[in-house]
Amino acid sequence: MTDFTTFGQQQRPQFEAYLEQALAYQLEEPTLKKAMQYSVMAGGKRLRPLLLFAVLESAKLPIDLNAMRVAGALELVHSYSLIHDDLPAMDNDDLRRGRPTNHKVFGEAQAILAGDGLLTLAFDWLTTTNLPADKQVQLVRILAQAAGANGMVAGQVEDIEGQTKQLRLAQLKQLHHLKTGCLIEAAVEMGALLADLNPIQKAALLTFAKYYGLAFQIQDDILDVTSTAAVMGKAVHKDAIEQKNTFPGLLGLAGAQAELEQTCQQAQQALQSLIGLDQTLLNSFLSYFDEQENK
Ligand code: GRG
């Protein structure tokens, strides 16, 4: 069984080729096409698609065109969320994935529309696979719930509102569960659905994803303090300047690092209760956090 780094190196090229070809084939309006392609094809770790693929790999199932399209839908939603998050009315960022943000290149109006186009295209993709209709409906529902008004959008609202008040640790965790965690959990849940896993396996995977998503956000907050814009491909030290609620802000840097370690252990424990699947690959996804520590 391969590890996270090797798996990513193996899967990213064919996934990106799929994205590139699907967007080139389907999109028509030239300005919108350019703006949508600009953000989707700007690199990125492709973490959510890789998580979905890893669930299939753990069940010894092939990563076929259906899986590619479903994972593509996740990446489209993720890319939309980053475009909108970077807008002046939201986080107001100039740099993303090492390049000028979408609105810096195409203007605010086109960036909003590129995000709208990506969000809706994701659901088009979920309903144009060769999967049975009932699975397509379930996939639509999982993604809509994770990305929508009780998921990522609600998290973004809480994030904006939270800027003017001091949050407690539980509130901060809930905010990030909604803003970042829900989509990570959806990736795993969609993989479990494609793999026809049983409810016990699915529950263990969702618990893993819950802690993985939280660890991901704690790490992001830590890197905002410890890393550089050159390494991260986006602005850093913004959280302190904007007096945002963060894990290092609430717990101190060492406290946030301890919280990260504990959260990774909880993710690992969830995997240990996973019966009938090879846990090695998903377990190795936790090494992402060790790699980031040196950045
Ligand atoms: C606009 C409705 C709406 C929501 C935006 C996800 C999000 C909500 C905002 C992103 C803000 C942010 C930087 C959160 C930190 C964690 C995170 C999601 C980082 C970006 O995801 P990565 O690291 O990005 O997977 P790449 O570039 O690798 O794809």
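Some points to look at:
- In straight-distance terms, cross-link reach from Lys244 covers every one of the aspartates and glutamates whose alpha-carbon lies under 20 Å from its own, apart from those fewer than eight places away in the same chain; here that gives Asp85, Asp86, Asp91, Asp93, Asp94, Glu158, Asp159, Glu161, Asp220, Asp221, Asp224, Glu259.
- Cut-off 11 Å between beta-carbons: net charge of the residues surrounding Leu206, Lys and Arg +1, Asp and Glu -1: 0
- Here Phe123 sits with roughly 50 square angstrom of accessible surface, probe radius 1.4 Å.
- 10 Å-binned pair-distance histogram of the range 200-264 (Cα, whole percent): 22, 44, 25, 9, 1
- The 3J(HN,Hα) values that the Karplus relation (6.51, -1.76, 1.60; θ = phi - 60°) gives for the range 173-178 are, in residue order, 5, 5, 4, 6, 4, 5 Hz. Gly and Pro appear as x.
- The residues packed around Ala192, meaning those with a beta-carbon under 11 Å from its beta-carbon, carry a net charge of -2 if Lys and Arg are +1 and Asp and Glu are -1.
- Accessible surface of the range 172-295, 1.4 Å probe, proportion on carbon and sulfur as whole %: 51 percent
- Counting only Cβ charges, +1 for Lys and Arg and -1 for Asp and Glu, the dipole size of the chain around its Cα centre is about 120 debye.
- In order through the range 39-54: 3J(HN,Hα) via Karplus (6.51 cos²θ - 1.76 cosθ + 1.60), integer Hz, x for Gly, Pro: 7, 5, 8, 8, x, x, 7, 6, 4, 5, x, 5, 5, 4, 4, 5
- Taking the charge dipole of the range 219-261 about its Cα centre, with +1 at Lys and Arg Cβ atoms and -1 at Asp and Glu Cβ atoms, the residue from Val231, Gly249, Leu260 reaching farthest to the positive side is Val231.
- The C-alpha radius of gyration of the chain, expressed as a fraction of 2.2 N^0.38 Å, stands at 0.96.
- Debye, to nearest 20: dipole size of the range 104-167, +1 on Lys, Arg Cβ, -1 on Asp, Glu Cβ: 120 debye
- Portion, in percent, of the accessible area of the range 69-166 that falls on carbon or sulfur, probe 1.4 Å: 54 percent
- Cα-based reach from Lys60 at 14 Å (exclusive), listing aspartates and glutamates while leaving out same-chain residues under 8 positions away: Asp196, Asp278
- 3J(HN,Hα) along the range 17-24, derived from phi through the Karplus expression 6.51 cos²θ - 1.76 cosθ + 1.60 where θ = phi - 60°, amounts to 5, 4, 4, 4, 5, 5, 5, 4 Hz, with x in place of Gly and Pro.
- Dividing the alpha-carbon radius of gyration of the range 136-269 by the rule-of-thumb value 2.2 N^0.38 Å gives 1.12.
- Taking all protein chains together and a 1.4 Å probe, the residues Ile222, Ile112, Ile275 rank Ile275, Ile112, Ile222 from largest to smallest accessible area.
- Ranking Lys45, Lys244 from most to least accessible surface, computed with a 1.4 Å probe over the protein chains only, gives Lys45, Lys244.
- CD proxy at 222 nm, helix term only [per DSSP H run n ≥ 4: -39500 (n - 2.57); per residue of the chain; nearest 500]: -23000 deg cm²/dmol
- Where the alpha-carbon atoms of the range 39-147 are placed on the principal axes, they occupy 42, 24, 19 Å, in descending order.
- Solvent-accessible area per residue in the chain equals 45 Å², computed with a 1.4 angstrom probe and all protein chains kept.
- Residues with amide H under 5 Å from that of Leu95, placed H, sequence gap 5 or more: Thr101, Ala235
- Of the residues Arg99, Arg168, Arg48, ranked by 1.4 Å probe accessible area with the largest first, the sequence reads Arg168, Arg99, Arg48.
The values are calculated or read from the model by the stated rules, or taken from the named source; none is laboratory data. Note that this is a predicted model, so its numbers are computed, not measured. As a convention, Cβ positions derive from the backbone with ideal geometry for all residues, glycine included, and neighbour counts pool all protein chains shown. Just so you know, the surface numbers come from the protein's heavy atoms only, side chains and all, with ligands and any DNA or RNA stripped out. Shrake-Rupley method; radii C 1.70, N 1.55, O 1.52, S 1.80 Å.
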